[in-house]
Structures are given as structure tokens and as C-alpha cells.
Amino acid sequence: MAGLVNMNVCEDYISISFDVGTPEIMSLGEKMNEICDQAYMNGYNWDAFLNSYIEENKPEMLEVIDSDPEAEMYCVYINDVNDDTKAMAEELTAMIESLLSDEDAVLSFLKSNQDDIEWD
């Protein structure tokens, strides 16, 4: 699903986002919902899912990002723009894109962690 995750660097912040209504994301979300009733994958639940994934794989990122999802969009911000945060944003963007491109990894993580995710 390369190209579905957007990273924008502005003067005061970096944003990382994707539209949950794209066909690829919707299809993946429907498969997730078949496994877990609480996983109706709007932007808020993508935020919950990805926060859990980030917590397990790169917990230090959670200290830097601020979530701001909407019903149709997953979005996080990094409010301090410097070389380190740009590198972290690039790493996070690649991590999310890689995960979204690997349906088996998403569904496996969901099956193993669905009870620990703070769903919307």
C-alpha cells in the first residue's frame, strides 16, 4: 500500500496521515472487523490499533507524537521539527506503510493484542 501514508513537514510540525476510506484500507479494516467486533476501523480505531503497535515496536515514538484522528482519517503530529524528529517521522511513516502492506502482520497483531487495544 505504498503511497497511502502521507508525511508533511511544515515549519512548526510534522504530520503523518492516511485516509481510512481508501479501498485498500477499507478492505483491510473489514477483515479486521471480522476478527474483532470492536475493530470497526474508523480513524479513531486506527489510532488505537497503531498506538498499540507502536507501543510494542517503538515505544519511544509515543513520547513524541500527538494523535489527532477523525472518523475518516488517521493522523498524528510531531510538534518539534528538527533533524531527529524528521528522521523519526520518516521511520514511523515507513513502519505504518509497511504494516498496512502486510495484511498477515496486521491480522496477526490484532489476534494477539485485540483485548489490550483501547478501542474507540
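Below are the figures for this structure:
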{"item": "Residue pairs meeting the criteria (Cβ under 7 Å; at least 6 apart or on separate chains; first at pLDDT 95 or above, in region 37-55; second among the charged types (D, E, K, R) and not in a loop (DSSP other than H, G, I, E, B))", "result": "G43/E70"}
{"item": "First in region 56-76 and closer than 16 Å to A89 by Cβ, second anywhere and basic (K, R) and outside any helix (DSSP H, G or I), Cβ under 9 Å, 6 or more apart", "result": "none"}
{"item": "Any hit, region 20-28, residues being in contact (Cβ under 8 Å) with a residue 40 or more places away in the chain, over 14 Å from A89 (Cα atoms) and not aliphatic (A, V, I, L, M)", "result": "yes"}
{"item": "Selection from region 14-51 of residues that are in contact with a Ser or Thr (Cβ under 9 Å, 6 or more places away or on another chain) and not in a helix (DSSP H, G or I)", "result": "I14, I16"}
{"item": "Qualifying residue in region 76-94 (condition: farther than 15 Å from I16 by Cα, crowded, with 18+ Cβ neighbours inside 10 Å and out of contact with any Asp or Glu (no Cβ under 8 Å at 6 or more places or on another chain))", "result": "no"}
{"item": "Inter-residue pairs, beta-carbon under 8 Å, first exposed (fewer than 14 other Cβ atoms within 10 Å of the Cβ) and in region 100-116, second among the polar types (S, T, N, Q), 6+ apart", "result": "D116/S52"}
{"item": "Hey, A2 out of contact with any Cys (no Cβ under 8 Å at 6 or more places or on another chain), at pLDDT below 95, part of a loop (DSSP other than H, G, I, E, B) and hydrophobic (A, V, I, L, M, F, W, C) or not", "result": "yes"}
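The values are calculated or read from the model by the stated rules, or taken from the named source; none is laboratory data. Everything numeric in this text was worked out from a predicted model, so none of it was measured. In this analysis, Cβ positions are derived from the backbone assuming ideal geometry, glycine residues included, and neighbour counts consider all displayed protein chains.
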